[in-house]
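I have placed the structure first, in the form of C-alpha cells, so that the comments after it can refer back to it.
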Amino acid sequence: MKYCSNCGATVEVRIPEGEHLPRHVCPSCSTVHYQNPKLVVGCVPEDEYGRILICKRAIAPRIGFWTIPAGFMENGETLQEAAAREAQEEALADVEIGSLLSVVHVLHAHQVHVFFRGRLRSQHIGAGPESLEVKMIEAHEIPWSDVAFASTEFTLRRYLEDRAAGTQGHHFVEFGRSTDVIAAK
C-alpha cells in the first residue's frame, strides 16, 4: 500500500500507538490501514445418490484443476450465504448449506478457508463463468492428483472420512509458507 484511501497522502509503515504490529499509517490524517486475512467460503455439495459436485477452474490460480465450489466472501453476507452463492456462481447449483466441515488457515496466502457440507436441491448444474466444466462424481472418481488446492484436498478427505464413519466432525488445519501441514486437529 502506497497511498491512504481516506485522503490520498503517502502512507508509512510504523507501529501505531497502542498497537504491537507494524501497520500502514497515514501521517496526514492518522488513518491506520489494517490488512487482515481474507475469507474464502465454500461447500462440498452432495446429491441424493451420494455423488459430489466438483468444478474445473477457468480462472487463475490453478486453471484447469479441480475444486469444490468456493470463493471470497462478500460484505453483507453470512458464511452460509457466501457458500451457497459460490455454488450458484461456479456450478449453477442450488445448494442447501449444512453443517460446518472444515476451517483451513492458509497462512502464506493470508486467507482462512471455511467449508460446509451441502445438499443439492436439484440435479440442474452447469459451468458458470469461473468453471470450465462441472460434474457429479463418486468418491472413488475424485481426481486427487489434479485437485487445485491443499485446502480442497484436506476438506474432501475429511468429508469422506466423516461420511464413512457416519459422523459430521469439525476439522481444523494450518498450512504454513508452503503446502506442508503445520498442525491438523
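Table for the structure above
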| read-out | value |
| --- | --- |
| Test result for Cys29, touching a Cys at 6+ places or on another chain (Cβ under 7 Å), at pLDDT 95 or above, of a type outside the set (Lys, Arg) and surrounded by 11 or more Cβ atoms within 10 Å (Cβ to Cβ) | yes |
| Selection count where residues are touching a strand residue (DSSP E or B) at 6+ places or on another chain (Cβ under 6 Å) and of a type outside the set (A, V, I, L, M, F, W, C), scope the stretch 28-52 | 8 |
| Options Glu133, Glu90; residue that is over 24 Å from Gly169 (Cα atoms), touching an Asp or Glu at 6+ places or on another chain (Cβ under 8 Å) and assigned by TED's automatic domain parsing to the domain that holds Gln168 | Glu90 |
| Sole residue being of a type in the set (Asp, Glu) and assigned to a strand (DSSP E or B), chosen from Glu96, Glu86 | Glu96 |
| Complete set of residues in the stretch 143-185 that are modelled with pLDDT under 95, under 23 Å from Ala83 (Cα atoms) and not in a strand (DSSP E or B) | Lys185 |
| Residue identified as under 24 Å from Thr78 (Cβ atoms), crowded, with 16+ Cβ neighbours inside 10 Å and among the small types (Gly, Ala, Ser) among Ala148, Ala93 | Ala93 |
| Selection from the stretch 112-142 of residues that are part of a strand (DSSP E or B) and buried (at least 17 other Cβ atoms within 10 Å of the Cβ) | Val112, His113, Val114, Phe115, Phe116, Arg117, Gly118, Leu120, Ser131, Val134, Met136 |
| Flag if Ala60 is assigned by TED's automatic domain parsing to the domain that holds Tyr159, more than 18 Å from Glu138 (Cβ to Cβ), in a helix (DSSP H, G or I) and modelled with pLDDT of 95 or more | no |
| Members of the stretch 35-88 that are among the charged types (D, E, K, R) and exposed (fewer than 14 other Cβ atoms within 10 Å of the Cβ) | Lys38, Glu48, Glu74, Glu77 |
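The values are calculated or read from the model by the stated rules, or taken from the named source; none is laboratory data. Since the structure is predicted, the reported quantities are computational estimates derived from the model, not experimental observations. Reconstructed Cβ throughout: ideal geometry from the backbone, glycine too, with neighbour counts over all protein chains shown.
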